[in-house]
Amino acid sequence: IAFQETGTIHPLAISGLHVGIIAMAIGFLLRLLRVPRGRAAVLIALAAVAYTLLTDAQPPAIRASVLVVVFSSAVVLGLRPLQFHSLAVAALVVLILNPADLFRTGPQLSFLAVAALMWFGPIVFRWENGDETSRSLQRLIDENGPRHEQIAFWLWRFLRGLTLVSLIVSLVGMPLVMARFHIVTPVAIPLNVLLWVPVTVALASGFVVFTVGWLIPPVGAVAGWICNASLALINSAID
């Protein structure tokens, strides 16, 4: 009830957000390991599909995994994926598997949120970064400024970007949430920003438990502790 009343039920619900976080975490790991881009794209797509199947192939997860597969295929083939075309492919796959999902609130909110981010994302990016001269000047400052100022500026931009994403998704989905659940949850906008890090850590560490814990028990134990601590932090923030 607390998650629903604060508009933050999606961190624990199976959603496309989880697929995106898993794909992003694996992509970051493969980049650290210097895996070639094409091979990394294939591994990321396989991980997204595996997570979707593991979580009983819920429509939002299918949508996200189809997008990951399409974008990964574009990387392998050296093509540029079209965002809304890719989203349309995901919608067709979801409807082919279960046409009734067209009338369910979860899939509707999932596709609505992604479409809003695809539409407003470029506008927000141009607004945040300004023209090419401003971006070049900022890069020059970043490269020559003190390290602590660079870290502070990166954190500020990261939090500002998360806040804008949370604001867009909340405002676009609010009419549908009001119509179906009869609640308005403006507190979800700052809460989603605060929960992003612990949700990401919980998902990543839980994935480590599932994939590595059975093979290397000490690593699984540490990852399990991290996952439990992250979930406890999420509950505390919601309460």
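Restricting the search to segment 31-79, which residues are in contact with a Lys or Arg (Cβ under 8 Å, 6 or more places away or on another chain) and without any contact (Cβ under 8 Å) to a residue 24 or more places away in the chain?
ALA40, ALA74
Can you tell which of LEU109, LEU92, LEU79, LEU117 is closer than 28 Å to LEU46 by Cα, open to solvent by 80 Å² or more (accessible area, probe 1.4 Å), modelled with pLDDT of 75 or more and not in a loop (DSSP other than H, G, I, E, B)?
LEU92
Can you name every residue in segment 73-126 that is of a type in the set (Phe, Trp, Tyr) and within 19 Å of the chain's Cα centre (by Cα)?
Of everything in segment 73-126, those that are of a type in the set (Phe, Trp, Tyr) and within 19 Å of the chain's Cα centre (by Cα) turn out to be PHE84, PHE111, TRP119, PHE120, PHE125.
Collect the residues in segment 160-179 that are open to solvent by 60 Å² or more (accessible area, probe 1.4 Å), more than 17 Å from ILE9 (Cβ to Cβ) and either of a type in the set (A, V, I, L, M) or without any contact (Cβ under 8 Å) to a residue 24 or more places away in the chain (or both), keeping them in residue-number order.
VAL165, LEU167, LEU171, PRO175
Name the single residue, out of those in segment 203-239 being among the small types (Gly, Ala, Ser), under 23 Å from the mean Cα position of the chain (by Cα) and surrounded by fewer than 18 Cβ atoms within 10 Å (Cβ to Cβ), that is modelled with the lowest pLDDT.
It comes out as ALA237.
Of all residues in segment 50-59, which are under 22 Å from THR211 (Cβ atoms), assigned to a helix (DSSP H, G or I) and open to solvent by less than 80 Å² (accessible area, probe 1.4 Å)?
Listed by number, the residues that qualify are ALA50, TYR51, THR52.
Restrict the check to segment 180-187 and report whether at least one residue is crowded, with 18+ Cβ neighbours inside 10 Å, in contact (Cβ under 8 Å) with a residue 60 or more places away in the chain, in a loop (DSSP other than H, G, I, E, B) and not hydrophobic (A, V, I, L, M, F, W, C).
Yes.
The values are calculated or read from the model by the stated rules, or taken from the named source; none is laboratory data. Since the structure is predicted, the reported quantities are computational estimates derived from the model, not experimental observations. Note: ideal-geometry Cβ built from the backbone for every residue, glycine included; neighbour counts use all protein chains shown. Side chains are part of the model used for accessible areas, which takes the heavy atoms of the whole protein and leaves out ligands, DNA and RNA. Shrake-Rupley method; radii C 1.70, N 1.55, O 1.52, S 1.80 Å.
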